[in-house]
1. Let's test the formula: R0 of 35 Å, r as the Cβ-Cβ distance of residue 83 and residue 4. What FRET efficiency results, to the nearest 0.05?
2. What full-extension length gain, to one decimal in nm, is calculated for residue 63 and residue 105 as 0.36 nm per residue of separation minus the Cα-Cα distance?
3. Show me the ranking of peptides 99-109, 57-67 by mean Cβ neighbours inside 10 Å, starting with the highest.
4. Separation between the residue 54 and residue 130 pseudo-spin-labels, each 7 Å from Cα along Cα→Cβ, expressed in nm?
């Protein structure tokens with residue numbers, strides 16, 4: 001999966017709030033007619049962004065991460081202040097090429113794992129230039 005576009009998160013432009021109808025959880029089955037409804041504000045910045053200055057929005061292309069719920073054209077929220085750990089989905093730069101993969105640190109080296117059986121894992125060679133650019137915290141996926 002390739003990184004198509006990287007944009008800085010701009011807090012001033014993100015100070016918009018969504019008004020959510022209803023309190024509590026929305027059932028995925030049959031709705032309860034007895035549920036009370038009210039208007040509640042949701043601050044998307046507070047909900048989605050941990051560190052505003054270290055956050056970027058990345059648009060991706062390809063299908064190598066479908067098993068992780070990341071699809072072609074999705075936008076990822078990436079936090080560069082989080083220390084990458086084994087199992088994180090990361091934005092990695094390998095020999096100048098930016099990609100999205102799951103990070104695995106093994107006794108024999110670093111493996112960048114695709115989440116689609118059609119794609120091989122990337123075993124980072126010892127002499128390769130590897131930079132873990134950031135950790136993916138959220139995937140913004142369009143439904144329509």
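All of the numbers you see were taken from the coordinates with simple rules; none came from a lab. Quick caveat: nothing in here was measured; it's all calculated off a predicted structure. Quick reminder, even Gly has a Cβ in these numbers, built from the backbone with ideal geometry, and neighbours come from all protein chains shown.
1. 0.85
2. Roughly 12.8 nm would be gained on extension.
3. 57-67, 99-109
4. The answer from the label model is 2.0 nm.
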